[in-house]
Amino acid sequence: MPQPSQPLAPEAGTESVDIPGTALRVSRVALGTWAMGGSNWGGTDERESVITVRTALDQGINLIDTAPAYGFGVSEEIVGSALGAGGLRAQAVISTKVGLEWRDGKVYRNASRERIMREIDDSLRRLRTDHVDIYHVHWPDPLVPIEETAEAMRTLLDQGKIRAIGVSNFSVAQMERFRRVAPLHVLQPPYNLFERDIEAEILPYCRANNIVTLGYGALCRGLLSGRMRHFTHFEGDDLRQHDPKFQPPRFSQYLSAVQQPDQQARVRFHRRVIHLAVRWMLDQGVSVALWGGRHPDQLQSALGVAGWSLDTAALQKIDRILNEAILDPIGPEFMAPPQRATRRRAEVMA
Ligand SMILES: NC(=O)c1ccc[n+]([C@@H]2O[C@H](COP(=O)([O-])OP(=O)(O)OC[C@H]3O[C@@H](n4cnc5c(N)ncnc54)[C@H](OP(=O)(O)O)[C@@H]3O)[C@@H](O)[C@H]2O)c1
């Protein structure tokens, strides 16, 4: 087993998975580009971000996840700029999303047909491409029938503007309704060592129905990196200033829940908790781990994820540590955007 001090070769043991019903094959670690948008993450550095996307490809990470709402177009533009030159687009699988609108810096759900048919062209322009590989409905919209949303997504698939359909933050019941109207290839739910709600129903449902899962928040917004300390503070509009996991007394509980698995990772597997957290996700059966990064050196750790596994004893020990350390667990619900007050006439007519 390679020691952490030894440099790992790019693409060493990269794992990948096919997306059934499509011609796509994606790396099991994907690059998440939310923070590159800057908004909610204390600002962005465009040059660093572009290099990060290209570094991902160099390391065998071919799946790049973005969304219009990440920096209100900025993240998509960065991905487009990173992949727009040197034939890189063909090496990448671009995943983006639809169905959130923004006004005065606030984001609202809007998965109407009218919005979807307009947003795809904005995304294609920002991404400098003629098709999106995986197109997700970002959040279910209670004001729009799921059948309307699904029908619009199916139209885009038929037009060749997208190659696979995904939904994000959907329940099993919502996926069932969606699938009566359109094929569903991918689900993007929250998933990491601390946020495990999908294990009960959603993960088994996706496995049974050949729906590939892209688990987001692999590092729980940095908590599972092993780099955070009690005195870590966040600048500007960084969402972790409001994330309930990062407020006392919970912050201490989550930090201590990371220390012991870090020791376990070092002693038993010659890794660190950042590797263990992502390995754990993949071993639980999620197809892909979405790793949020914006600096090229942050991806170096992704090289320590492939080619090993956690055994039953290790899995049980992790569960025991988490149960003992986290007295007051809380999920990622704080991130859910609100619905709009009402639908506009133009959306209903479209
Ligand atoms: N569909 C949805 O509704 C949804 C929601 C959330 C996320 N997502 C997707 O999932 C992706 C990942 O989620 P996420 O961005 O919330 O966060 P994440 O992967 O849980 O964590 C990202 C954080 O980890 C830190 N980090 C990354 N690599 C590190 C390293 N090697 N060492 C130390 N720290 C490291 C980053 O630090 P810095 O802060 O220092 O850069 C950042 O704070 C997003 O980018 C997005 O593509 C989707």
Open item on the list: Residues that are assigned to a strand (DSSP E or B), within 30 Å of Asn40 (Cα to Cα) and out of contact with any helix residue (DSSP H, G or I) (no Cβ under 6 Å at 6 or more places or on another chain): does the stretch 196-209 have at least one?
Closed with: no
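Within the stretch 82-174, which strands (runs of 3 or more DSSP E) (wholly inside it) include 2 or more residues that are surrounded by fewer than 21 Cβ atoms within 10 Å (Cβ to Cβ) and without any contact (Cβ under 8 Å) to a residue 60 or more places away in the chain? Break it down into steps so the answer makes sense when it comes.
Values: elements: 93-98, 100-103, 106-109, 132-137, 162-168.
Qualifying strands (runs of 3 or more DSSP E): 100-103.
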- [ ] Give Gly42, Gly73 a once-over and let me know the one that is within 14 Å of the ligand (Cβ to nearest atom) and either at negative phi or among the small types (Gly, Ala, Ser) (or both).
- [x] Gly42
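For the stretch 63-81, how many residues are in a helix (DSSP H, G or I), hydroxyl-bearing (Ser, Thr, Tyr) and within 19 Å of Val186 (Cβ to Cβ)? If you could, list the steps in order and put the result at the bottom.
Restricting attention to the stretch 63-81, the residues satisfying the condition of being in a helix (DSSP H, G or I) are 74-81.
After this cut, where a residue has to be hydroxyl-bearing (Ser, Thr, Tyr) as well, the list is 75, 81.
Then drop every residue that is not within 19 Å of Val186 (Cβ to Cβ), which leaves 75.
Result for the stretch 63-81: 1.
Check whether at least one residue in the stretch 102-119 is within 17 Å of the chain's Cα centre (by Cα) and within 15 Å of the ligand (Cβ to nearest atom), and report yes or no. Give the steps one after another, and end with the answer.
Here is the first cut: in the stretch 102-119, the ones within 17 Å of the chain's Cα centre (by Cα) are none.
No, there is no match, as no residue in the stretch 102-119 is within 17 Å of the chain's Cα centre (by Cα) and within 15 Å of the ligand (Cβ to nearest atom).
From the set of residues in the stretch 187-205 that are among the hydrophobic types (A, V, I, L, M, F, W, C) and within 15 Å of the ligand (Cβ to nearest atom), which is nearest to Leu282 (Cα to Cα)? So that I can check it myself, show each step before the final result.
Looking only at the stretch 187-205, we keep the residues that are among the hydrophobic types (A, V, I, L, M, F, W, C), and these are 187, 193-194, 198, 200, 202-203.
Narrowing the set further to residues that are within 15 Å of the ligand (Cβ to nearest atom) leaves 187, 193-194, 198, 202.
Details: Leu187: 15, Leu193: 11, Phe194: 14, Ile198: 14, Ile202: 15 Å.
This residue is Leu193.
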Task: Filtered residue count, the stretch 41-71, keeping only those that are surrounded by fewer than 21 Cβ atoms within 10 Å (Cβ to Cβ) and farther than 18 Å from Gly87 by Cβ - done: 7
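Given the structure, is Arg266 away from the ligand (no atom under 11 Å from the Cβ), touching a Phe, Trp or Tyr at 6+ places or on another chain (Cβ under 7 Å) and assigned to a helix (DSSP H, G or I)?
Numbers: away from the ligand (no atom under 11 Å from the Cβ): yes; touching a Phe, Trp or Tyr at 6+ places or on another chain (Cβ under 7 Å): no; assigned to a helix (DSSP H, G or I): yes.
Here the answer is no, as Arg266 does not meet what is asked.
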Task: Residue, nearest to Ile61 (Cα to Cα), within the stretch 237-263, restricted to residues that are acidic (Asp, Glu) and within 12 Å of the ligand (Cβ to nearest atom) - done: Asp238
Open item on the list: Looking at (1) surrounded by fewer than 19 Cβ atoms within 10 Å (Cβ to Cβ); (2) more than 16 Å from Gly217 (Cβ to Cβ), which one does Glu333 not meet, given that it meets all the others?
Closed with: (2)
TODO: Give the stretch 296-350 a look and list any residue that's within 28 Å of Leu31 (Cα to Cα), away from the ligand (no atom under 16 Å from the Cβ), in a helix (DSSP H, G or I) and small (Gly, Ala, Ser), or say none.
DONE: Ala314
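Just so you know, all these numbers are worked out from the coordinates, no wet-lab data involved. A quick note: this is a predicted structure, and the numbers were derived from the prediction, not measured. For neighbour counting, all protein chains shown are included, and Cβ atoms are generated from backbone atoms with ideal geometry for every residue, glycine included.
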